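Here the structure is laid out as structure tokens; the discussion comes afterwards.
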Amino acid sequence: MCLPMRISIIRCLAAGAAILLAGCGNSNPPGDSVPRAEARYFTQVIPSFDGTPIATTVFVPPLAEGERAPLILHSNGWGDTRTKQPTGLTYDPNNFYGDMHHGMVTRMWRAGYVVISLDNRGWGDSGGQARIMDPDKEIRDYSVVIDWAEANLPIALEQGRAKVGAVGGSYGGGFQIPLAHRDPRIKAIAPWVTWHDLRYSLAPDTVMRSGHVTLLNLAGLLLARVDPFIPRAYTQTLATNTPPQDVLDTLKHHSPIEFCEQGAGPKVDALIVQGTRDTLFDGLEGWQNAECLRAQGA
């Protein structure tokens, strides 16, 4: 992908998420003459539904007393960790991945949003074991984080509930559609280069993409605390090059396709960015996610 296109994607994500969340803030914000608190960021560990500690960094923009701002959720890619501090605002052509993940958080914060960047369970400073966006584990963690934000931060509300957006790519994009399906507080998402069906991503026609899967398995074992299911699934699949049925069923359960096939996709506005040259989460998966949302009138 050429450099100008990369810059355009970054700008598009930042601007698109802002447009999708327009109107989520205080409908009558104080004027510029009203004193505002300083922008701040801090670490917050939030116990999840099962007591698992979820490590987050909370970025709060400069707000006047009584003013509220929309909340945006962000998380790490597979092999990465959350954004722990602001980064430079100037695009770095030598650090495209870091700029997309961490620079995005800084730009959103500077634009006036409350941003929470979190380590998914099993990664970074969070506890628990990584389950590849298990709807009964990781996805529930995000709802708990929103609960905490509602109770502790100046979040824009609608009928007493937070209005929330989400950004992030790859593994950090995988939570967004399932979360919107389960949690109606999600009003806008901007996932980039993520999956629609992990069975297709990792084992198209039930044949394992051995190179990708080997690297992902190693990254999980070396950089995270993964559920034993992951290395077991890898070993079993490697033996025959075809995932066992229980592995295929689990991969589907951890993918948007499960509820999209049932006509139960979320009605949430989205900016979906997919790499046409990506060989893991290809353009077809972005199109299928878009169709899933469009079918619900998003």
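The values are calculated or read from the model by the stated rules, or taken from the named source; none is laboratory data. None of the values given here were measured: they were computed from a predicted structure. Quick reminder, even Gly has a Cβ in these numbers, built from the backbone with ideal geometry, and neighbours come from all protein chains shown. In case anyone asks, the SASA skips ligands and DNA or RNA and just uses the protein heavy atoms, side chains included. Shrake-Rupley method; radii C 1.70, N 1.55, O 1.52, S 1.80 Å.
Take residue 201 and decide whether it is in a helix (DSSP H, G or I) and open to solvent by less than 20 Å² (accessible area, probe 1.4 Å). Break it down stepwise before answering.
Values: in a helix (DSSP H, G or I): yes; open to solvent by less than 20 Å² (accessible area, probe 1.4 Å): yes.
So residue 201 passes the test.
On the given criteria, is residue 59 at pLDDT 90 or above and either out of contact with any strand residue (DSSP E or B) (no Cβ under 9 Å at 6 or more places or on another chain) or buried (at least 19 other Cβ atoms within 10 Å of the Cβ) (or both)? Don't jump to the end; show me each part of the working.
Values: at pLDDT 90 or above: yes; either out of contact with any strand residue (DSSP E or B) (no Cβ under 9 Å at 6 or more places or on another chain) or buried (at least 19 other Cβ atoms within 10 Å of the Cβ) (or both): yes.
Criteria met by residue 59.
Check off (1) more than 24 Å from residue 267 (Cα to Cα); (2) open to solvent by less than 30 Å² (accessible area, probe 1.4 Å) for residue 146 and give me the number that stays unchecked.
Only one criterion is unmet by residue 146, namely (1).
Which residue pairs have Cβ atoms closer than 9 Å, lie 6 or more positions apart in sequence or on different chains, and pair a first residue in region 161-178 that is free of Cβ contacts under 8 Å to residues at least 60 places away in the same chain with a second residue that is in a helix (DSSP H, G or I) and open to solvent by 10 Å² or more (accessible area, probe 1.4 Å)?
161/150
Given region 96-192, what helices (runs of 4 or more DSSP H) lie entirely inside it while holding 1 or more residues that are of a type in the set (A, V, I, L, M) and more than 19 Å from residue 257 (Cα to Cα)? Step through it out loud before you land on a result.
Numbers: elements: 104-110, 138-152, 176-182.
Filter on region 96-192 gives 104-110, 138-152.
Restricting to region 34-72, count the residues that are over 20 Å from residue 142 (Cα atoms) and either among the acidic types (Asp, Glu) or in contact (Cβ under 8 Å) with a residue 60 or more places away in the chain (or both). Walk me through how you get there before you give the answer.
Restricting attention to region 34-72, the residues satisfying the condition of being over 20 Å from residue 142 (Cα atoms) are 34-40, 61-68.
So of that shortlist, the ones also either among the acidic types (Asp, Glu) or in contact (Cβ under 8 Å) with a residue 60 or more places away in the chain (or both) come out as 38-39, 63, 65, 67-68.
Residues in region 34-72 being over 20 Å from residue 142 (Cα atoms) and either among the acidic types (Asp, Glu) or in contact (Cβ under 8 Å) with a residue 60 or more places away in the chain (or both): 6 in total.
Of everything in region 62-77, what is open to solvent by 50 Å² or more (accessible area, probe 1.4 Å) and within 27 Å of residue 226 (Cβ to Cβ)? Give them in sequence order.
Applying the first criterion (open to solvent by 50 Å² or more (accessible area, probe 1.4 Å)) to region 62-77 yields 62, 65-66, 68.
Once the filter is applied, which keeps residues that are open to solvent by 50 Å² or more (accessible area, probe 1.4 Å) and within 27 Å of residue 226 (Cβ to Cβ), region 62-77 yields nothing.
Cβ-Cβ below 8 Å, separation at least six or inter-chain, first residue in region 258-271 and without any contact (Cβ under 8 Å) to a residue 24 or more places away in the chain, second surrounded by fewer than 17 Cβ atoms within 10 Å (Cβ to Cβ): which pairs?
These pairs meet every condition: 258/252.
Quick check: anything in region 187-198 surrounded by fewer than 21 Cβ atoms within 10 Å (Cβ to Cβ), of a type in the set (Ser, Thr, Tyr) and touching a residue at least 40 places away in the same chain (Cβ under 8 Å)?
no
Is at least one residue of region 222-239 modelled with pLDDT under 95, outside any helix (DSSP H, G or I) and among the hydroxyl-bearing types (Ser, Thr, Tyr)?
No.
So residue 5 ticks every box in (1) at pLDDT 55 or above; (2) closer than 21 Å to residue 99 by Cα; (3) open to solvent by 10 Å² or more (accessible area, probe 1.4 Å) but one. Which box is left unticked?
Just one mismatch for residue 5, condition (1).
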